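Read the structure below first, then the notes.
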Amino acid sequence: MTDSGAIGVIAVTERGRTAAGRLQAAWPDRVRTFTEDRAGEQLRSAFADCGAVVAFLAVGAAVRALAPVLGDKHTDPPVVCVDEALQHAVAVLGGHHGGNALAGEVAGVLGCRPVVTTASDAASAAPLDSYGADLGFTVADTAPLAPAGAALLSGRPVRLEYGGAPAWPLPPLPPNASAGTPAESAEALLRITDRAAAPEAAPAVPTVTYRPPSLVVGVGSARGASGEEVGALVDRTLAEAGLAAQSVRALATVDVKADEEGILRAAAERGWPVRIFSADELAGVDVPNPSDVVRAEVGTPSVAEAAALRAAGEDGAAAELVAAKHKSANATAAVARLRPRGRLALVGLGPGARDLAAPRALAELHRASVVVGLDQYLDQVRDLLRPGTRTMASGLGQEEERARTAVAEARAGAAVALIGSGDAGVYAMASPALDFAGRDIDVVGVPGITAAVAAAHRLGAPLGHDHAYISLSDLHTPWEAIERRVRAAAEGDFTVCFYNPRSRRRDWQLPEALRVLAGHRPAATPVGYVRNAARGDEHAAVTTLAAMLDGEAEEVDMYTVVLVGSSASRTVAGRFVTPRGYTWRG
Ligand code: SAH
C-alpha cells in the first residue's frame, strides 16, 4: 500500500545498511528499509509504495532499475541516490517535488554533500512549479511551466501579475521577472489570482496561473439538505462571482451544522477542510445581509456570510466578502477573501563564521524577498540571496529606522528578513522591530549563537554556572542603571559577560565596572576576552581581574566581548573554567 509519508531506503551493501540505520535513527517514524539483496526489485517496490526514496546505489543502477516504471514527475516519488563512499546525496528524480530538499536532508544526516542538478535551483531562482508552495499556492495548469520556466531562466522579460489581489509574502524572482515588465514585451506571464479566467481571455504567451489559498466559502443549510444541493449552490456562488474553486482553503459553518451530512459531503468531495464556529462567535461578525429568522433559529443573524468572514479573518487577517449570500431551496453560501499577511523573520547570523549560522537562518535568507540590515551583515550574506532579492542597508545607529522599514515592508505583504549578528534578540533588532509590529503580520524568529556563547567556547567553559549579560553602552541606558546591575551581579557572584564594553568615546565604563566586581571577588579571578569571535581575525585571551585593572582593559574594543569569572571560576591548563556546581565533584 502506498504510504506517502514514508521514505523507502534501499541498502544492499554493508556500508549502505549501516548508513540506512543512521537515516532510520534520524527519522524513526518515516523510514522503511529495503535491505534484501535484489536491489532493482527492492527499488521498484519502494518507488511504488513510498512517498520518497533514498537508494544507496549508483545513479546508473537506479536509473536502469526505475526506467520501466517511470511515470510523471508530478506523481512519481522523488529519488535520491547516495554513493557507496557516502560522499554525495544526488537528487536524481523529482528534484522540485521534494527531491532536492530530501538530498539536503540526507546530506545533513550523513554528513555528505547534496548534489542538485535542476536548472532553476542551479541558477538559484525559484523553481516555477513549487513557487509559493509553502504559502499553499497550487498551479492551475502545469503545461505552461516548461516554456515559462525557460523564458525566466534565459533572462527574457517575464511579467508578474497579482490579478488585483494583494501581494503574498513570496520568495524573490530573478530581476527579469517583475510586476514592472510591460505586458506588451512580456514573453511569459506569472499570474497570482483567485479569479477564474474568462474563457475568451486566453493569453498569447505562456502563462502560469498560481492559485493562492485566499478564499473561504461559508455555508448554512436546513436539516437534511443534500450534498448535491449544497455543492451545486457553492459552485454556482463561486462561478457567479468569477472565483476559482482551486483557491478555496476551507468551508466554514456554525457548530449546530457541524454534523450536517450535505455540508460535510460537499466539502469532502471538493477536498476542502471544514471550519466550525459557535453561534456566539458568528453573531459578533458584521455582515451585509443579517436575518432575524436565522437569528431566532440558530442564535446568530448570519451563518454563511459570518462564517466565511470569520474564517478568512482568523489570526487578525483582514477579510472582505467577495460573494454575498446566495440561496437555494435549503442552503445558503457566501465567499470571503482573506488578505494575506506579510512575514517578518528576525534572523541572527551567529558570531561570524558561516558554519556557526543556523541552517534555518540561511533558509530564511533564501526565502526572503526583502533583506534589511547593516551593510556589513548584508555583505556577509549576499551570496546566499536569490537573484531579485531586494536589500535595504542602513548605517550604525539607525536601529529605529531599520526596524520601522522592516515592519513596513512586511505590512505591505513582503517576506522580510531583518538580519544581525549573534542572536537577533540579544542587544539587537528583535525588540525594536516587535515594538512596531502589529498582529497583522507573521513574525518568525531564528535563534543565533550570541557573542558570549561563541566567545565562551574559545576561552574554555566560563559559563558553567549562573551568569549575567550586561551591556556597558550608556547611549540608551543611564550609567547609574548599568552600575546598579554590575553591583548586583558582583554581590550575587555571577560570572559576567560584558557586551559593548568599550569604544573610543566610551573608555572609562569597563574599568569602572571591573573595579566594582573586584570589590567582591579575588584579584586572580579569571577574565577572558575575545575580539571578533568566529571571524577571520579572531583574538582571544585569558587573564585576571588584576591584570585588566592594570591596563589590559585597553586591549578591548567594540568588537570584543569580556567575560569575568565568579569567585569559583578557575584557570585550568590555560582555560577559563567555572565549575558546574559547588558540590559537583564532591
Ligand atoms: N546581537 C549580538 C550582540 C550585539 S551588541 C549578539 O547576540 O552577539 C554588539 C556587541 O556584541 C559588541 O560590542 C561586542 O561586545 C559583542 N559582539 C558581537 N559579535 C561579536 C563577536 N563576533 N566577537 C566578539 N564580540 C562580539
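The values are calculated or read from the model by the stated rules, or taken from the named source; none is laboratory data. Treat the numbers as computed from the prediction; the structure is a model and nothing was measured. Cβ coordinates were reconstructed from backbone atoms using ideal geometry, including for glycine residues, and neighbour counts include every protein chain displayed. We work out accessible area using only protein heavy atoms, side chains counted, and drop any ligands, DNA or RNA first. Shrake-Rupley method; radii C 1.70, N 1.55, O 1.52, S 1.80 Å.
For region 277-395, with only Lys/Arg (+1) and Asp/Glu (-1) charged at the beta-carbon, what is the dipole magnitude about the Cα centre, in debye rounded to 20?
Values: 14 positive and 14 negative charges, 88 e Å.
So the dipole magnitude of region 277-395 works out to roughly 420 debye.
Placing unit charges on each Cβ (+1 for Lys and Arg, -1 for Asp and Glu) gives the chain a dipole about its Cα centre, and among 177, 291, 278 the Cα reaching farthest toward its positive end belongs to 177. Only helices enter the 222 nm calculation for the chain: every DSSP H run of n ≥ 4 contributes -39,500 (n - 2.57), and dividing by all residues gives -8500 deg cm²/dmol, rounded to 500. Accessible area of residue 436 (1.4 Å probe, protein heavy atoms only, ligands and nucleic acids ignored): about 60 Å².
Taking the charge dipole of the chain about its Cα centre, with +1 at Lys and Arg Cβ atoms and -1 at Asp and Glu Cβ atoms, the residue from 497, 90, 530 reaching farthest to the positive side is 530. Length gained on full extension, residue 205 to residue 73, computed as 0.36 nm times the residue gap minus the Cα-Cα distance: 45.1 nm.
In this label model, residue 25 and residue 353 are separated by 2.4 nm, measuring between points 7 Å along each Cα→Cβ vector. Protection proxy ranking for 552-561, 396-405, using the average of other Cβ atoms within 10 Å per residue and placing the highest first: 552-561, 396-405. Note on residue 64 and residue 524: the extension gain reaches 158.6 nm, defined as 0.36 nm multiplied by sequence separation minus the Cα-Cα distance. Given +1 at the Cβ of Lys and Arg, -1 at the Cβ of Asp and Glu and no other charges, the dipole of region 440-578 around its Cα centre is 280 debye to the nearest 20.
Using R0 = 45 Å, the C-beta based FRET efficiency linking residue 572 and residue 475 works out to 0.75. In region 220-348, the DSSP beta bridges split such that about 65 percent are antiparallel, to the nearest 5.
3J(HN,Hα) couplings calculated from phi for region 288-295 with the Karplus curve 6.51 cos²θ - 1.76 cosθ + 1.60 (θ = phi - 60°) are, in sequence order, x, 10, x, 9, 5, 4, 5, 4 Hz; Gly and Pro show x. Report the label-to-label distance for residue 198 and residue 435 in nanometres (one decimal), using points 7 Å from each Cα along the Cα→Cβ vector. If labels sit at residue 198 and residue 435, their model points lie 5.1 nm apart.
Region 148-189 and region 403-466 have Cα centres separated by 32 Å. Peptides 178-184, 566-572, 211-217 ranked from most to least packed give 211-217, 566-572, 178-184, packing being the mean of other C-beta atoms within 10 angstrom over each peptide's residues.
Based on alpha-carbon positions alone, could you give the equivalent ellipsoid semi-axes of region 431-586 from the gyration tensor, as √(5λ), descending, whole Å? Kindly include the intermediate steps, with their values, before the conclusion.
Values: eigenvalues 140, 75, 57 Å².
Listed largest to smallest, the semi-axes of region 431-586 are 26, 19, 17 Å.
Using a Förster distance of 30 Å, how high is the FRET efficiency between residue 15 and residue 118, based on the Cβ-Cβ distance and rounded to 0.05? Computed FRET efficiency for residue 15 and residue 118 comes out at 0.60. Between residue 156 and residue 255, full extension at 0.36 nm per residue minus the direct alpha carbon distance yields a gain of 30.4 nm. If R0 equals 41 Å, the separation of the Cβ atoms of residue 327 and residue 133 corresponds to a calculated FRET efficiency of about 0.65.
Would you calculate the convex hull of the Cα atoms in region 154-252 and tell me its volume per residue in Å³? Present the calculation step by step, with values, prior to reporting the outcome.
Working: hull volume 11.7 nm³, N = 99.
Hull volume normalised by residue count: 118 Å³.
Taking every alpha-carbon pair within the chain, the share separated by more than 37 Å comes to 52 percent.
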